[in-house]
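The values are calculated or read from the model by the stated rules, or taken from the named source; none is laboratory data. Every value quoted in this text rests on a predicted model; they were computed, and no experiment measured them. Because the Cβ atoms are built from the backbone with ideal geometry, glycine has one as well, and the counts that use them run over all protein chains shown.
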Amino acid sequence: METTSPVERLLRGIAITLVCLFFMFPIVWIVLMSFQTNETILRVPPSVIFAPTLENYTALITGKLETQAGTLDIDFMGNLWNSLFLSTASVAIGLILGVPAAYAFARLKFRGSEDIAFTLLSFRFAPPLLVLLPLTIYFQQLGLANTYGGLIWVYQLIVLPLILWIVRGYFEDIPADIEYAYRIAGHDFWSTFRRIALPLAGPGIAAAGLLSFIFAWNNFVFALVLASADKQPVTVGALAFVTASGIQYGQVAAGIVLSIAPTFALALYAQRYLVEGLSLGAVKG
Amino acid sequence: MTIQLSLKSVDKFYGPVGKGVHAVKDITMAVPKGDIIALLGSSGCGKTSTLRMIAGFEAVSRGTIELAGKQVQTLPPVRRNVAMAFEGYSLYPTVSVRDNIAFALKASRLAEAEVARRVGHVADMLEITDILDRFPFSISGGQQQRASLARALVRDADLHLLDEPMGQLEPQLRTLLRGRIKHYIKERGLTAILVTHDQTEANALADRIAVMEGGVLQQYGSPAEIKERPANLFTGTFVGEPPMNVFAATASVSGGTLTFDLTGGLDLRYAESAFDPRVRKMVLDRKQVMIGVRPYAVHRAEQGAAARVVANQWLGDQSHIAASFAGKTIVLVEHDRAHLTEGEPIKVEIKPQDLHIFDPTSGLALSHGNELAA
Amino acid sequence: MTITLKNIRKAFKTNTVLEDVSLSVATGETLVLFGPSGAGKTVLLRLIAGVIEPDAGEIHVNGQNMAGVEPEDRGIGMAFQNFALFPHMDAFANIAAPLTARHQSKAVMKDTVEKVARLLKIDHVLHHKPKELSNGQKQRTALARALSAAPSILLLDDPLRNVDAKLRFEMRLELPRLLKDQNATVIYVTQDYKEAMALGHRIAVMNDHGIQQIGTPQDIYLSPANTDIARLFGDPVITLLDVVPERRAGQVVALISDTAIPLLEDYAPQIGQACILGLRPEALRFVSEDTPGAIPVEVEAETPLNEKTVTLALTLRGREIMVSRPAGTPGPTSGRAHIAVDAASAILFDRASGRRIAPVHKIIRKEEVA
């Protein structure tokens, strides 16, 4: 219901501004922090007026962390690369495995399909630590501990259920008649899957990919236990900022900005596909 | 005659006024109290937008809506005292069909016995008495639609809005319910607006039909008016089953004979005296006209214009015959079974009083039979 | 191409949809499957298309058993009720889909698509996506897609249901020619009896999980197998009155308003039995009081219906009778009136089973001649 009262419009504007401030504040504050030194950050009362500095970013990129106790070597850029590689590879493998599986669960109702699908989802319920302890032992025996392959495998626990359940819903929303029509037109099962089901579920696959990327990126526990310094993602690497001489707030903030940048960029890019949505105008009469 | 609802120069834009999609264009119409009005048009013609503006679910971009004597276009739906049956049913899923129907009555603190009586009555009429204690998810689409209709009709509102109220029903049931719903509305003196794309429904139920196309109100009149005096080519060809035959023609007169030369090398000849002088003058002044004739008014005759049968479809109670005629197809309807085969030559006759003449550019009606169009 | 179904059974979980359905369609024939929703018409089409498999029974196309043959290998064209266009492809790509599967050259494909598009008057919207098409254009695109590869079997699932009355009528006139030119064997599903009568060489009436009657439009309209079918064909609906035929003055008659309505002599075996008399509204006419066999009635209401005037009248015992006549012809609008029934057009049904009682005249007359 639209209304035209100017008072109401003003009130609505104020309300929206407040909500925006509330949600945006942490991010804006962190961005501001990343351009300050520890001293300006910690002064009381805090102020938004300061002389911006790039030293936090320089420190991160060069890997030399300046603290009062001296210079510390950190491998932040390496961590960032690890995060990027681990997340991308996990999502890619997750999509390759998960999308056809999601299609099978959506279309081919076989005996026990519901149970299997639910079991896969239930992996998300289990506390990760419960899985981790036995897993660590097995991984060490198998030589998978501290390898990219091992981490990517474990990451499937996060990525696969997510992709499976989101994409399955999108496949179910495609009217079966559209696929039947393509089959009857003379195309086999696989080309129907490729030419009809995949493009129509595209937005769902993009959404699932993005979401699972974010989840993989933000994972902490698996990497903490299963990866050592050279394979660590940023989430674990950030621990290095907690130094003997205190917490390097400025560098932490810069680290956060750098580590959310890829997901942020990805989200902005994928938004186009997410918003596009399923246009089923052809089906609804 | 009191006016219950009046729309004055109502516009609807989706997006900014003047720039967005202009869904409803400058509609002005008045609905007398106690009338049933049908908004008739194909999908996307603006009929549902109009209905939603009356109900208050869409903002009115321009113009005013007056209901029961007061302006309502800025009021929220709840304060308009309007009852609506939704095309998508929108039943409350957590309560039984009975409670769905009784919902508004209970809210208005009506005595329990009275609520039960009214619900029983409307349920009887719509043949849903046996499912009153079921829940919406457990009944069929047709039953949900009737429950939704009952929920709207049971109320004492200033206006009842029915959006495609019978689309999901089986044809046999639809015919039966049309009569009953009309009787129910008339008996209780309700004012109702029905949105439909089905002209049979509009003709059967409505006192007046508002034909819409492209957001524009094409014609607003009684079913008979719309059939006998279509305001323009759109209405003429949209309303009527089968649709009106239309041909482009050049009119000329010589030796007491008025000739319509059809663009397929055929002509229709009439004695000049068969036409009212004003109609004759109008036709001859314009020369280029569109002529329309209803399929029921095309007759086979000994003397007439030549045509060749392309299809003859017998529907039990009537025959629909299509014949190639003047480079196009002419359709004629006969009430008996016609024994014609494809390719058979026939002669067709169109009486002057059955001709509808339209302006070829604007499409506006110029004359109907021997009367000039208003 | 012939299509033969033998004893098809299909159930979804515990819900039986088709029970022992057998049917055969000849080459070039258009068979209409007609029936109320839920009668299993669409399921039957899908079984033939091969997108679902029957629980029992066989489907033969041109004598070849289709069991295990994938839908893409059956050489069928199909149009869906909801169009089922591919939303991410333009009209051209939609129509070309059956051709790409047959690996035809670009030029041949373009020619074929354009030809069928011209035929269906959608050649100007070939580069529009389905959501940019009007309902009528969508319907024509769906039909064009079904026709483009010139399949010898066409399955049309209520293709005119979602289009407006004007277009539906135009297509009803155009389709028979189009189908004839294709020389395809057609199975056409509809819920509209007029469409069924206009398009079908034969009509199969489906109800209660099976085919109840199969025959020409004339057979079905004039000799419906039971009261259900009689009620499904005809608008306004046929009047059904409970009667018990008896013999009066040497004639087989039924009583309506205490007036004896003569029936065919062939109904003599039904004398004294509980029957239902079916009277089509257009088979009744208003007559003057002194006409022999005129039934006195009370006129209740008069409504216009598609260029007809339908009169609802009550018999002396309060039974409803509908009479229709061409609009503009004279008739009573209220009060007492009289109607006459043509004996030959009255249909008699057995009251217990609802089945039509076939007049046995041919046999009897032959014996009389002998």
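Out of C:265, C:302, C:246, I need the residue that is assigned by TED's automatic domain parsing to the domain that holds residue C:322 and closer than 30 Å to residue B:241 by Cβ. Which one?
Answer to the check: C:302.
Looking at A:191, A:228, which is the one that is small (Gly, Ala, Ser) and within 14 Å of another protein chain (Cβ to nearest Cβ)?
A:191
Can you find even one residue in the range A:233-250 that is outside any helix (DSSP H, G or I), touching a Leu at 6+ places or on another chain (Cβ under 8 Å), farther than 13 Å from residue A:60 by Cβ and modelled with pLDDT of 80 or more?
Yes, the conditions are met somewhere in the range A:233-250.
Any idea which of (1) of a type outside the set (Lys, Arg); (2) surrounded by fewer than 16 Cβ atoms within 10 Å (Cβ to Cβ); (3) not in a strand (DSSP E or B) is the one residue B:49 doesn't satisfy?
All conditions are met except number (2).
Residue check: is residue B:182 within 11 Å of another protein chain (Cβ to nearest Cβ) and in contact (Cβ under 8 Å) with a residue 40 or more places away in the chain?
yes
Please give the number of the condition residue B:230 fails out of (1) modelled with pLDDT of 95 or more; (2) assigned to a strand (DSSP E or B); (3) not acidic (Asp, Glu).
Against the list (1) modelled with pLDDT of 95 or more; (2) assigned to a strand (DSSP E or B); (3) not acidic (Asp, Glu), residue B:230 comes up short only on (2).
Tally time: how many residues in the range C:138-159 are more than 11 Å from chain A (Cβ to nearest Cβ) and out of contact with any strand residue (DSSP E or B) (no Cβ under 7 Å at 6 or more places or on another chain)?
3
I'd like to know if the range B:315-335 contains one or more residues that are among the hydroxyl-bearing types (Ser, Thr, Tyr), surrounded by fewer than 21 Cβ atoms within 10 Å (Cβ to Cβ), more than 12 Å from every other protein chain (Cβ to nearest Cβ) and out of contact with any helix residue (DSSP H, G or I) (no Cβ under 7 Å at 6 or more places or on another chain).
No, the conditions are met nowhere in the range B:315-335.
Which is more than 21 Å from residue C:161 (Cβ to Cβ), modelled with pLDDT of 85 or more and either in a helix (DSSP H, G or I) or acidic (Asp, Glu) (or both), of B:157, B:152?
Every option except B:152 fails the conditions.
Which of the strands (runs of 3 or more DSSP E) contained wholly in the range B:261-325 include at least 2 residues that are in contact with a Lys or Arg (Cβ under 7 Å, 6 or more places away or on another chain) and assigned by TED's automatic domain parsing to the domain that holds residue B:353?
B:298-314, B:319-325
Select from the range B:174-202 the residues that are closer than 19 Å to residue B:33 by Cα and in a helix (DSSP H, G or I) and write down the one among them that is nearest to the chain's Cα centre (by Cα).
Result: B:202.
Mind listing whichever residues of the range C:254-306 are aliphatic (A, V, I, L, M) and out of contact with any Ser or Thr (no Cβ under 9 Å at 6 or more places or on another chain)?
C:254, C:255, C:260, C:261, C:263, C:264, C:268, C:271, C:274, C:287
Yes or no, residue by residue, for (1) within 10 Å of another protein chain (Cβ to nearest Cβ); (2) without any contact (Cβ under 8 Å) to a residue 40 or more places away in the chain:
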{"residue": "C:40", "(1), (2)": "no, no"}
{"residue": "C:58", "(1), (2)": "no, no"}
{"residue": "C:66", "(1), (2)": "no, yes"}
{"residue": "C:70", "(1), (2)": "yes, yes"}
{"residue": "C:74", "(1), (2)": "yes, no"}
{"residue": "C:83", "(1), (2)": "yes, no"}
{"residue": "C:97", "(1), (2)": "yes, no"}
{"residue": "C:109", "(1), (2)": "no, yes"}
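Looking at (1) closer than 24 Å to residue B:340 by Cβ; (2) surrounded by 18 or more Cβ atoms within 10 Å (Cβ to Cβ), which is the only condition residue B:265 fails?
In the conditions (1) closer than 24 Å to residue B:340 by Cβ; (2) surrounded by 18 or more Cβ atoms within 10 Å (Cβ to Cβ), residue B:265 misses (2) alone.
Here is a check on your reading of the model: is residue A:205 part of a helix (DSSP H, G or I), more than 11 Å from chain C (Cβ to nearest Cβ), under 15 Å from the mean Cα position of the chain (by Cα) and not small (Gly, Ala, Ser)?
yes
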